[in-house]
Amino acid sequence: MALACGGFSCSKNALTALNMLYILVAFLLIGVAGYSKASSIITSLAIISGIIACGVFLLLLAIVGLIGAIKHHQVLLFFYMVILFLLFLMQFAIACACLAINSDQKKQLAMQGWSRSKGDNLKAKTQSYFNCCGLVKHDDPMPGMDRPPCDQLPCCMDLLEAERPHYCGGKNMSHQELEEACPVCWELLEPKMTSALKATGGVGLFFSFSEVRPRLTMLNYRAIFD
C-alpha cells in the first residue's frame with residue numbers, strides 16, 4: 001500500500017526537495033546582496049553583509065539538512081531545526097532593517113564609508129564612476145570628507161577653461177549653473193543605495209518566511225521511524 005503524504009517516504013522526499021531549494025535560495029541571497037553591496041561602491045553596508053552571511057549559513061544548513069533527511073539522522077535533524085529557526089529570526093530582522101532605513105540614515109552610512117576610505121583611490125573611483133565631485137558638498141570642511149581633484153572628470157573637462165568653477169580647478173566662484181556643472185556624488189549614489197536595500201531586504205524577507213515550513217515537516221519526519 002502506498003504511504004500517505006504524512007508518511008515516511010513523503011516526508012523524506014519533501015524535506016530533501018526543500019533543502020535542495022534552499023541551496024538555490026542561498027545562492028540567490030548571496031548573489032543579490034553581493035551585487036547590491038558592490039553597486040553602492042563607497043558604502044560599507046553591514047546590514048547587506050548580514051544578508052550575505054544569512055545566505056552562507058543557509059547554504060551550509062541546507063547541506064546538513066540534506067544529509068539528515070537522507071540518513072534520517074536524529075541529532076542532525078534536531079540541530080537543523082533549531083538553527084533554522086534562529087536563522088529565520090536573524091534574516092527576518094536584517095531584511096526589515098534593510099527596508100526600514102530612511103534617507104538620513106543612508107546618508108550617514110555613505111558619509112561613514114567615505115570618511116573611512118583609506119587614501120583617495122576609492123573616492124576617485126566613485127567620482128569617476130558617477131561623474132560627480134565630492135560626496136555631499138563639492139568642498140566639505142568636515143574631517144574625512146575631503147575629495148580627490150575633480151578637474152579631470154568629464155563634467156569638468158566639458159567646460160571651457162574660463163567657465164570652470166573652483167572645484168574643477170577654475171576661478172569662477174559665483175555662477176550657480178557652473179556650481180552645478182558636476183553634481184555631488186550623493187545625488188547619484190542615493191538611488192543606488194535605495195534600490196540595493198530594497199532588493200536585498202525584499203528577497204531576504206520573502207525567503208525568510210519559507211524557512212518556517214520545513215520545521216513542520218521536520219517535526220513530522222523525526223517522529224517517523226523507517
Out of the residues in region 134-172 that are more than 25 Å from the chain's Cα centre (by Cα), of a type in the set (A, V, I, L, M, F, W, C) and in a loop (DSSP other than H, G, I, E, B), state the one that is nearest to LYS107 (Cα to Cα). MET142
If you go through ALA93, ALA97, the only one that is in contact with a helix residue (DSSP H, G or I) (Cβ under 9 Å, 6 or more places away or on another chain) and free of Cβ contacts under 8 Å to residues at least 24 places away in the same chain is ALA93
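From GLN112, GLN74, grab the single residue that is out of contact with any Ser or Thr (no Cβ under 9 Å at 6 or more places or on another chain), surrounded by fewer than 17 Cβ atoms within 10 Å (Cβ to Cβ), farther than 20 Å from LEU21 by Cβ and not charged (D, E, K, R).
GLN74
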In region 59-76, the residues that are within 20 Å of VAL25 (Cα to Cα) and touching a residue at least 60 places away in the same chain (Cβ under 8 Å): GLY65, ALA69
(1) surrounded by fewer than 17 Cβ atoms within 10 Å (Cβ to Cβ); (2) assigned to a helix (DSSP H, G or I); (3) modelled with pLDDT under 85: which one isn't true of VAL56, the others all being true? (3)
Could you please find all residues in region 84-104 being modelled with pLDDT under 85 and surrounded by fewer than 16 Cβ atoms within 10 Å (Cβ to Cβ)? PHE85
Being surrounded by fewer than 18 Cβ atoms within 10 Å (Cβ to Cβ), modelled with pLDDT of 75 or more and not hydrophobic (A, V, I, L, M, F, W, C) narrows it down to one residue among ASN19, ASN13; which is it? ASN13
Being touching a helix residue (DSSP H, G or I) at 6+ places or on another chain (Cβ under 7 Å) and of a type outside the set (Gly, Ala, Ser) is the filter; apply it to region 62-72 and report the residue that is farthest from ASN13 (Cα to Cα). VAL64
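The values are calculated or read from the model by the stated rules, or taken from the named source; none is laboratory data. Bear in mind the structure is a predicted one, so any value in this text is a computation, not a measurement. Positions of Cβ are backbone-derived with ideal geometry, glycine not excepted, and every protein chain shown enters the neighbour counts.
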